[in-house]
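Each value in this text was obtained by applying a stated rule to the coordinates, not by laboratory testing. What you see is a predicted model, and the numbers here were worked out from it, not measured in a lab. As a convention, Cβ positions derive from the backbone with ideal geometry for all residues, glycine included, and neighbour counts pool all protein chains shown.
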Amino acid sequence: MLTEQQVTQFHTFGFLVLRNIITEDEHKIVSEEVEKGYANKDKSEFIGGERLQLNWTNLVPISPYLTSLLENPRFYGIAQQLLGEDVVGFDTTSNIMKGDRTTWHPDAPPNLQGLKFTFYLDRLDGESGALRIIPGSHQVGFSDAIREVRLKDNNPGPPEDPGLAINEVPCHICETGPRDAVIMNYLNWHASWHGSSRRRMVTLKYYKNPKSPEETEALRKHMTEAIEDRKKNKTTINRTYSEFWLSNPDNSPVRARWISKLQEWGLIDKVPA
Amino acid sequence: MLTQQQIDQFHTFGVLILRNVLSNNDIAKLNEEFDTKLETTFRGEANGAKPIHCSWSNTGPDTSFTSSLLEDPRIYGIPEALFDDEVYGVSCTATSFIDDTPWHPDSDLFQLHGIKVIIYLETLNGDNGALRVIPGSHLNPYHDELHAIGMLADFGNRPLPSSPYLIESGLTIKDVPALICSVTPGDVIVFNFRIWHASTGGKFDRRFISNMFIKDPVTPEEEKAVSELIQTTNKNRVKRARETFPHPNPEYHPEWLSNPDKNPKRQCNIDWMRKKGYFEVYETSLI
């Protein structure tokens, strides 16, 4: 669990780096499951422009350990500590990035309350694709101001003054080791630069069950877009949930509650009997 | 001088790094004047005879090249490009740092539009004392939130001042997420007075030139903020001078004020400062 100061740091800056949050044995298992998943994937499915990202859900039979991490109290408990008791595990994904950059973006629209854990599994720094975050950019006013800044790669100004390159945007560079994780508010602006041609990333994603009308509307909008996107593009992150995970073989009450919530949000059509 | 994108970036993030603004020759001259001044400058001690950083105004005759930066279009052109209103250069100081500088903003006045254009005289990175800034922290609610969590260093806390937040968390300066402003001599960093900044890992005699500019106040609130700044700055400079000089000199040297070369930019700055009451405040205390 997090200390009071870590909770404060997360809410102030919108992210937190946790050192050695997984053991060496866990790192080995996680790496093996990622490689198994990658071996299974159709390599023609790399998406995402410059970032060239291949991603898939870990909520499938070949990655039982990664599946279990979403419900592991070490992570779920932290998500609850940061977002409140009523948190829904949304997904865990594995990702291989072949491109050398990810352009600046937040993951969600304003008011959406959620976070993700990212594990890069390899040592990364500013010159090898480490996550770059603009601290505090989860705050609405600051986020809106950043949206107006011209960014050479994805929001360019005129050719004679195109704006900032990814590595010119003032930010914090999250140097991480293989067993570290970064917890990030979905609203934080983030990017990466100078990544290798085979950068690995695992995520655990959680949403707060919305309470206020603004949060409810933000979640509804986000999920509607996710569902539409899923219909259009079979390779996007927003895939359907596997029967394996939905069948909830161990009768986990936590998973049962999440499944019911995800169904309510329109992400699951039918739960197998 | 600045592109529109750079101006927008400055207002959003509160900081800009401009590369190779000054030449090697300029840096050599700045170092030469810095050396001369250091020879005659007393470095105070604190915490059981540990030397502390020292700082001086560059308006004296020994540092005429350094003070000319306020009148150099490569420097004053930067703050002038950031505002539609007039901007005035009000001070050029040098500091020889040792140790860390804990987290702090230079001002909490939201009606004050102050810009610092700073120059480090050596190559710096995250390991040897480069400036660290929290981008966007010149804006509220972010700026005040950092106060609320206890980020402001308690300068009374010895042996080294640190933020209550960092002490309670068991964290250090470098654990706070920030932009590390790596620079080589000739680069300049421009930042809003309100941005939170710090440094760590710097060696003895880390050299720094700071040029301060203020936007002309156009509302009563802005006017009040400038008055407050003058009082606060004077208080800080007097304290600093006590730690630095056995025989203090005026912050604004009479020769500089006489503007012997009749430099129009300097005259403009002097006239504005006189109008705003700078010299009434400063003349009561020889620093």
- [ ] Give, rounded to the nearest 20 debye, the magnitude of the charge dipole that the protein assembly as shown has about its Cα centre when Lys and Arg contribute +1 at Cβ and Asp and Glu contribute -1 at Cβ.
- [x] 1100 debye
TODO: Treating each Cα of chain B as an identical point scatterer and ignoring solvent, apply the Debye formula and state log10 I(q)/I(0) at q = 0.16 Å⁻¹.
DONE: -1.51
Open item on the list: When 1/r is averaged over all different Cα pairs and the result inverted, which Kirkwood radius in Å belongs to segment A:1-160?
Closed with: 17.9 Å
Open item on the list: Eigenvalues of the Cα gyration tensor times 5, then square-rooted: what semi-axes does that give for the protein assembly as shown, in whole angstrom, largest first?
Closed with: 51, 23, 21
- [ ] Taking all pairs of distinct Cα atoms, average 1/r, flip it, and tell me the Kirkwood hydrodynamic radius of segment A:132-273 in Å to one decimal place.
- [x] 18.5 Å
Open item on the list: Within chain A, which is the longest segment that contains none of the trypsin sites (Lys or Arg not before Pro) sitting in a DSSP loop with at most 14 other Cβ atoms within 10 Å?
Closed with: A:20-122
Open item on the list: Quick check on segment A:123-172: what are the equivalent-ellipsoid semi-axes from the Cα gyration tensor, as sqrt(5λ), descending, whole Å?
Closed with: 20, 17, 6
- [ ] Just need log10 I(q)/I(0) for segment B:107-222 at q = 0.23 Å⁻¹, Debye formula, equal scatterers on the alpha-carbon atoms, no solvent, rounded to two decimals.
- [x] -1.40
Task: Residues A:Ser252, B:Ser162, sorted so that the one with the fewest Cβ neighbours within 10 Å comes first - done: A:Ser252, B:Ser162
TODO: Work out the charge dipole of segment B:16-148 with +1 on the Cβ of Lys and Arg and -1 on the Cβ of Asp and Glu about the Cα centre, then indicate which of B:Leu121, B:Phe110, B:Tyr76 is farthest towards its positive end.
DONE: B:Leu121
TODO: Compute the distribution of all C-alpha to C-alpha distances in segment B:169-224, in bins of 5 Å from 0, and list the percent of pairs in each, rounded to whole numbers.
DONE: 4, 10, 18, 21, 17, 10, 10, 8, 2
Task: DSSP-assigned coil residues among chymotrypsin sites (Phe, Trp or Tyr not before Pro) in segment B:159-194, each with at most 11 further Cβ atoms within 10 Å - done: none
TODO: Counting other Cβ atoms within 10 Å, keep those with at most 10, restrict to DSSP loop, and tell me which GluC sites (Glu not before Pro) in segment A:96-199 are left.
DONE: A:Glu160
Task: Average projection area in nm² (convex hull over Cα atoms of segment B:1-120, one quarter of hull surface) - done: 9.2 nm²
Task: Helix-only mean residue ellipticity at 222 nm for chain B, each DSSP H run of n ≥ 4 adding -39500 (n - 2.57), per residue, nearest 500 - done: -10500 deg cm²/dmol
- [ ] Quote the convex hull volume per residue of chain A, based on C-alpha atoms, as a whole number of Å³.
- [x] 134 Å³
Open item on the list: At 222 nm, what value in deg cm²/dmol follows for chain A if DSSP H runs of at least 4 each add -39500 (n - 2.57) and the sum is divided by all its residues, to the nearest 500?
Closed with: -10000 deg cm²/dmol
Task: Charge-dipole axis of segment A:137-245 as Lys and Arg at +1 and Asp and Glu at -1 on Cβ define it, positive-most pick from A:Ala181, A:Thr224, A:Phe244 - done: A:Phe244
Open item on the list: Loop-only trypsin sites (Lys or Arg not before Pro) in segment B:131-214, please: DSSP not H, G, I, E or B, and at most 16 other Cβ atoms within 10 Å.
Closed with: B:Lys203
